[in-house]
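**Student:** Below: one structure in structure tokens.
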Amino acid sequence: MLIKTNRDGFCQPLASEITSQRVYEQRRTLVKLMASGVAGAALSAWASRAAHAQEASLTPRPGKQPALPSVKSSLAGAITMEKLTPYKDASSYNNFYEFGTDKADPARHAHTLKTSPWTVEIEGLVKKPAQYTLEDLLKLSAQQERVYRLRCVEGWSMVIPWIGYSLSELIKKVEPLGSAKYVEFVTLADPKTMPGVGSRVLDWPYVEALRLDEAMHPLTLLSFGMYGELLPNQNGAPVRLVVPWKYGFKSGKSLVKIRFTDKPPATAWNKAAANEYGFYSNVNPNVDHPRWSQATERRIGEDGLFAKKRKTLMFNGYEAQVGQLYAGMDLKKFF
Ligand SMILES: Nc1nc2c(c(=O)[nH]1)N[C@H]1C(S)=C(S)[C@@H](COP(=O)(O)O)O[C@H]1N2
Ligand SMILES: [Mo]
């Protein structure tokens, strides 16, 4: 660390130097993490030591996955002070239809998902199409911890300390062409390891998409971990999206391809039921799902007999950050 001596003779590192030192140490830690094979058993002793050194320790590490060191994000809206959903609930009550449609199915079946080796292909309207290995992606930018709410269209929500960095960091590297207006996210569809892919509930692979400016918004997170550790398979390992102001289904899990297009891509839920799931799918308490209200939500992990339902907030509480993206749009029409 660089030490500056000020005129009084006190030695004080500058705040900016502390930050860069942390990022440097974090990168070194990640290199070690990868040298030992991301999910290797040999890693666990080191991982628990690294967890103690971790700056952003909001919860005790669950100890289910190797640690993923991160720094606490300073981005406005990236941290909520609400109580975290217990890890047990966040990792056992999931939607991941490739492993079955019951909320308990992903935790039960996703152990078959093979997350290494893993590559994400970037294609379409970009100057620099590329194939990124997971290791490349982990190193691409500093890992941050962000505590986001995620609200499912079905009416439940969770508060999760995600780890990752803004998707915009990756997008900037591949240089979208002027003609690129949308970003399509294609997720893994492997019938050998994903029993749900044999069913006809959705048209596989599960595909989601954002407008380019939504994808570039700093809150849009490319996530590799949660609760201080790598993502468990059922939450979308090894890399997923988290778009906190949209219904949960926009946050694609286990991404394998990111494609830049000039037309709105066809998305899995829109193809399945266009009248129920629009392209935008912004959390909006004033626009009901055709079959149920979207005005309130139930927080998973606190649903005791007398637990009150919470009022759902516009853009899931992120209106100050993202409202501008939709200025002048009729959100009943563009739901
Ligand atoms: N590939 C894929 N991604 C997916 C889904 C899915 O079925 N397949 N379900 C979505 C839905 S409906 C929700 S609510 C969130 C749930 O994320 P979580 O299990 O980490 O809470 O994942 C989203 N991403
Ligand atoms: Mo969902």
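**Student:** Could you check the stretch 218-228 and list, in sequence order, the residues that are buried (at least 22 other Cβ atoms within 10 Å of the Cβ) and within 13 Å of the chain's Cα centre (by Cα)?
**Tutor:** Result: Leu219, Thr220, Leu221, Leu222, Ser223, Phe224, Gly225, Met226, Tyr227.
**Student:** For residues in the stretch 232-243 being under 20 Å from Leu219 (Cα atoms) and not small (Gly, Ala, Ser), which is nearest to ligand 1 (Cβ to nearest atom)?
**Tutor:** Filtering first and then ranking leaves Asn235.
Per-residue answers, yes or no, for (1) under 17 Å from Trp162 (Cβ atoms); (2) β-branched (Val, Ile, Thr); (3) within 16 Å of ligand 2 (Cβ to nearest atom):
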| position | (1), (2), (3) |
| --- | --- |
| Asn233 | yes, no, no |
| Ala237 | yes, no, no |
| Leu241 | yes, no, yes |
| Ile258 | no, yes, no |
| Ala266 | no, no, no |
| Asn282 | no, no, yes |
| Lys308 | no, no, no |
| Gly317 | yes, no, no |
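**Student:** Condition test on Glu145, is it over 30 Å from Val287 (Cβ atoms) and of a type in the set (D, E, K, R)? Don't jump to the end; show me each part of the working.
**Tutor:** Working: over 30 Å from Val287 (Cβ atoms): yes; of a type in the set (D, E, K, R): yes.
So Glu145 fits the description; yes.
**Student:** Sticking with this structure for a sec: Of these, Leu150, Leu167, Leu221, which one is in contact (Cβ under 8 Å) with a residue 12 or more places away in the chain, in contact with a strand residue (DSSP E or B) (Cβ under 6 Å, 6 or more places away or on another chain), of a type outside the set (Gly, Ala, Ser) and more than 13 Å from ligand 1 (Cβ to nearest atom)? Reasoning before the result, please.
**Tutor:** Values: Leu150 fails: more than 13 Å from ligand 1 (Cβ to nearest atom); Leu221 fails: more than 13 Å from ligand 1 (Cβ to nearest atom).
Among Leu150, Leu167, Leu221, only Leu167 is in contact (Cβ under 8 Å) with a residue 12 or more places away in the chain, in contact with a strand residue (DSSP E or B) (Cβ under 6 Å, 6 or more places away or on another chain), of a type outside the set (Gly, Ala, Ser) and more than 13 Å from ligand 1 (Cβ to nearest atom).
**Student:** Sticking with this one: Which one is farthest from ligand 1 (Cβ to nearest atom), of the residues in the stretch 70-94 that are among the hydrophobic types (A, V, I, L, M, F, W, C) and in a loop (DSSP other than H, G, I, E, B)?
**Tutor:** Per the criteria, the residue is Ala76.
**Student:** I would also like to ask the following. Are any residues in the stretch 83-127 of a type in the set (A, V, I, L, M), more than 13 Å from Asn235 (Cβ to Cβ) and within 16 Å of ligand 2 (Cβ to nearest atom), and if so, which ones?
**Tutor:** Ala104
**Student:** I'd like to verify a number: residues in the stretch 189-210 that are open to solvent by 30 Å² or more (accessible area, probe 1.4 Å), in contact (Cβ under 8 Å) with a residue 60 or more places away in the chain and not in a loop (DSSP other than H, G, I, E, B), how many?
**Tutor:** 1
**Student:** Mind listing just one residue for me: the one in the stretch 244-255 that is of a type outside the set (D, E, K, R) and near ligand 1 (Cβ under 10 Å from one of its atoms) and, of those, surrounded by the most Cβ atoms within 10 Å (Cβ to Cβ)? Spell out the reasoning first.
**Tutor:** In the first step, residues of the stretch 244-255 are kept if they are of a type outside the set (D, E, K, R); the result is 244-245, 247-249, 251-252, 254-255.
Now restrict to residues that are near ligand 1 (Cβ under 10 Å from one of its atoms): 247-249, 251-252, 254-255.
Working: Tyr247: 23, Gly248: 21, Phe249: 20, Ser251: 23, Gly252: 27, Ser254: 25, Leu255: 23.
The residue in question is Gly252.
**Student:** Here's a follow-up. Name the pairs whose Cβ atoms lie under 6 Å apart, with the first residue in the stretch 299-311 and under 16 Å from Thr85 (Cα atoms), the second surrounded by 10 or more Cβ atoms within 10 Å (Cβ to Cβ) and β-branched (Val, Ile, Thr), and 6 or more positions between them or separate chains?
**Tutor:** Hits for this filter: Ile300/Thr85; Gly301/Thr85; Lys309/Thr296.
The values are calculated or read from the model by the stated rules, or taken from the named source; none is laboratory data. All of these numbers come straight from a predicted model, not from anything done at the bench. When we count neighbours, we look across all protein chains shown, and the Cβ atoms used for this are built from the backbone with ideal geometry, even at glycine. The protein model used for the area step is the full one, side chains on, heavy atoms only, and it has no ligands, DNA or RNA in it. Shrake-Rupley method; radii C 1.70, N 1.55, O 1.52, S 1.80 Å.
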